[in-house]
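Here the structure comes first, spelled out in structure tokens, and everything after it is commentary.
Quick note: the coordinates plus some simple rules give every number you see, no bench work behind them. What you see is a predicted model; the values in this text were computed from it and never measured. Note that each Cβ is placed from the backbone with ideal geometry, even for glycine, and that neighbours are counted across all protein chains shown.
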Amino acid sequence: MIGWILLGIIVLAVLWTAAIYNGLIASRNDVQGSWKQIDVQLKRRHDLIPNLVSTVKGAMEFEQDTLEKVMNARARAVSAAGIPAKAEAENMLTQALGRLFAVVENYPQLKSNQNITQLQEELTTTENRISFARQLYNDLVANYRTKLQVFPNNIVSSIFNFKTEEYFAAEEAARTAPAVNLSLKGK
Amino acid sequence: MPLTFIDIERQKTWRIAAFFLVLIAIYLAAILFITAPLGIIGRASPRFWLGAVLVSLVAAGIHFWFSASEAVDSVRRTLDAQPPDPQDEVHRVFLNVIEEVHVVTGRKRTIQSAVIPSQSMNALAVADLRGNALIAITEGLLSRLSRPQVEAVVAHEAHHVLSGDCLETTIAASLFGTLSAALDRLNSLSDRRSSATAGAGLAWLLVKLGYLLNLFISREREYRADAAAVRMTRNPLALAEALHLLSRSWRGAGFIGSGLEMLCIVNPQATTLDETEGFVADLLSTHPPIRKRIGILLAMARVDIGDLDRRADRAEAEARTPAPGQQPLYHAMSPKQEWQGPFTVQELAALAWLSPLTWISTGGSSSADRAWKDPLLGPIFAARLASGNERIETGLTCPVCRQPLVTASYEGTQIAQCSFCAGSLVEMKKLPRIIARTGQDHLCTQRINALARTTLENNLSRRIYRAASRVQGTAIQRIPCPKCTHPMLRGFYSENYLVEVDRCSSCGVMWFDQDELEMLQCMIANRLEPAVAVPTVPPDGDAPGGVP
């Protein structure tokens, strides 16, 4: 009789462990899948930048310095490995791009160029997608970390050696206070 | 309050299930009360009741399915919503923003997008049982919002879709809408039979209850969607600006039919009920007061609502009165060796014959000089050079002067233009968006306005002549359609806007001579219409309307 009870407890324990294990695997896969999303968007940005630079190059002879900084930041971002290094390199690239667009504002013939407005829109949407993908990734990482650390799960995770995932840190003041614009055709 | 879109997704399943259960219970009770007066209750056995419940469950299921499975398609058809055009600058932004929403939700759900060809300002979201979801924005709203504002509006609608609000609203609206219509008819039929009215009355009460239940949570939902939009875009001010803009504009009353108002971002009908608070208003109104919504958003951004009002007033006033004297005016010598003008810089840029060698003179000065020497005109030629490389021939020829038509960018969309006579060929489906994007400041110059007025007066008398000539059979000169080479139909753009255009309805294109497109835009923007009723020839019966 006692043997049966023991067997039942063991079976239950195994099933229970398996359930926790599967849950952990599922959320880890979610995290890795959403990391792929960020990667896709980062690659998209890296591909757009050479296009942009070659389009504005001709008109911006006196701004070679700014352009070079963008290209260097891009090269560093492409070659960066590991999540913290990547996050930092990407933030540098974002800043360099911000400076470039600030400079473009000073060139009316560039601002009216249709190619450039299109590229600018593409880069804006890519920036947004990166930040949204990062939002999703960080949410999922938080979800995964909680699952790893709560009570019964932490035993299972230490047995099967689950590792915690890193957050993708956002740059400081990524979205600063916006300016009010209420004209009918605010662009 | 869920923190992320993942939590919203998780929470919505049981909420929708509970909502459905309540709806089905109310629905069954309503059916029961309708059938009760037929006199079957008295002699019913338990087995009969079981059968009756089963049958009505099946009926309810079929009703649910048919009322809610086609909702997206039927809304799309009713409003004539078109998928956004990826070639178009403004639509491109909309498509990109939708894609961003997909990224933030981890592609759990595909949301379709559509543009409603209307000048009104509104946005709506629909979802149906087949899993289709649609976010539609009117052309008018899309062309007046900046990018962050479009993001905020789309995020608001996306929350409605993802949280299941849309599905609930769509189903409740279609289901109880039909039922209450049926009841109304029953009531009017059964006036004479007093036994039926009691049951039907109770059923009516229940139907209204189900409807009210839905309305009661719809105010709450709008606040939540606003909050979700802010959480996604991290920009409360953009949503506040967009709502503020909506509150001051035509939101599509009369165009967006009743039954759809619950799906919109703001109620198309501006009612006083919507703008009041309290229990009754909470119960009966579909949307919370806009000013309260804006107030909450502005509190997040620490901006005062009075400030927003004043800025909007000033912006509108500035848009109405173009500041004179700010820009230098030019006279230019045309190829026919005549001095023309005065032109602003933008107007000069639009002149097809302007070249770096054209003689121009500035404002008051009497001396003339070559155009390339003026520093202000440099950008015009630079822009022409830049856009010169990407001129794409459309493969069509100008119907007037036989030159090849080239693709030109006009108000953010592509049209075919003749570089010689400056006439343009516009696809009719693109006209609403061009009209919606009319920029007051640079387009409606004095010259275009004066031209439009003169054309209007000329054409008023011509219209009578035209009607007479139709009777006498005088031939009107027709030009061939550049696409199918059949003669195009010449006529006015509409009864109110008397610009002569040529259309080919089989190809869906319209030909505008030089300046005619601009004139049409300014006529619509400034409401230049025939002021008094003009006596027309009776057979047409086309009385010129007042205000559209």
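Remarks
- Peptides B:69-77, B:161-169, A:18-26, A:73-81 ordered by average Cβ neighbours within 10 Å, highest first: B:161-169, B:69-77, A:73-81, A:18-26
- Estimated inter-spin distance, B:Ala29 and A:Gln32, nm [label 7 Å along Cα→Cβ]: 5.2
- The protection proxy used here, the mean number of other Cβ atoms lying within 10 Å of each residue, ranks peptides B:229-236, A:7-14 as follows, highest first: B:229-236, A:7-14.
- Summary of packing: across the peptides B:394-407, B:495-508, the per-residue average of other C-beta atoms within 10 Å ranks them, highest first, as B:495-508, B:394-407.
- Inter-chain Cβ neighbour average for residues A:26-35, partner chain, 10 Å: 1
- Length gained on full extension, B:Leu57 to B:Leu489, computed as 0.36 nm times the residue gap minus the Cα-Cα distance: 149.8 nm.
- 5 angstrom amide H check on B:Ala133, placed H, neighbours 5+ away: B:Gln112
- Distance in nm between pseudo-label sites at B:Gln346 and A:Ala19 (7 Å out along the Cβ direction from Cα): 6.7
- For segment A:37-159, a crude dipole built from +1 on the beta carbon of Lys and Arg and -1 on the beta carbon of Asp and Glu, taken about the Cα centre, is about 420 debye to the nearest 20.
- Residue by residue along A:128-137, Cβ atoms of other protein chains within 10 Å of the local Cβ number 6 on average.
- Per-residue 3J(HN,Hα) values for segment B:88-99, derived from phi via the Karplus relation 6.51 cos²θ - 1.76 cosθ + 1.60 with θ = phi - 60°, read 8, 4, 6, 5, 4, 4, 4, 4, 4, 5, 4, 5 Hz in sequence order (x marks Gly and Pro).
- With a Cα cut-off of under 21 Å and a minimum spacing of 8 residues unless on different chains, the lysine pairs in segment A:37-159 number 6.
- Neighbouring partner chain Cβ atoms per residue of B:141-151, average, 10 Å criterion: 3
- Dipole of segment B:63-128, positive end: most advanced residue of B:Thr105, B:Thr78, B:Ser118 [Cβ charges, Cα centre]: B:Thr105
- Modelled label positions at A:Glu68 and B:Cys401, each set 7 Å beyond Cα in the direction of Cβ, lie 4.9 nm from each other.
- Applying D = kT/(6 pi eta Rh) to segment B:75-161, where Rh is the Kirkwood radius over alpha-carbon pairs, T corresponds to 10 °C and eta to 1.306 mPa s, the Stokes-Einstein value obtained is 123 µm²/s.
- Whole-Å semi-axes of the ellipsoid equivalent to segment A:37-159 (Cα gyration tensor, √5λ, descending): 38, 14, 10
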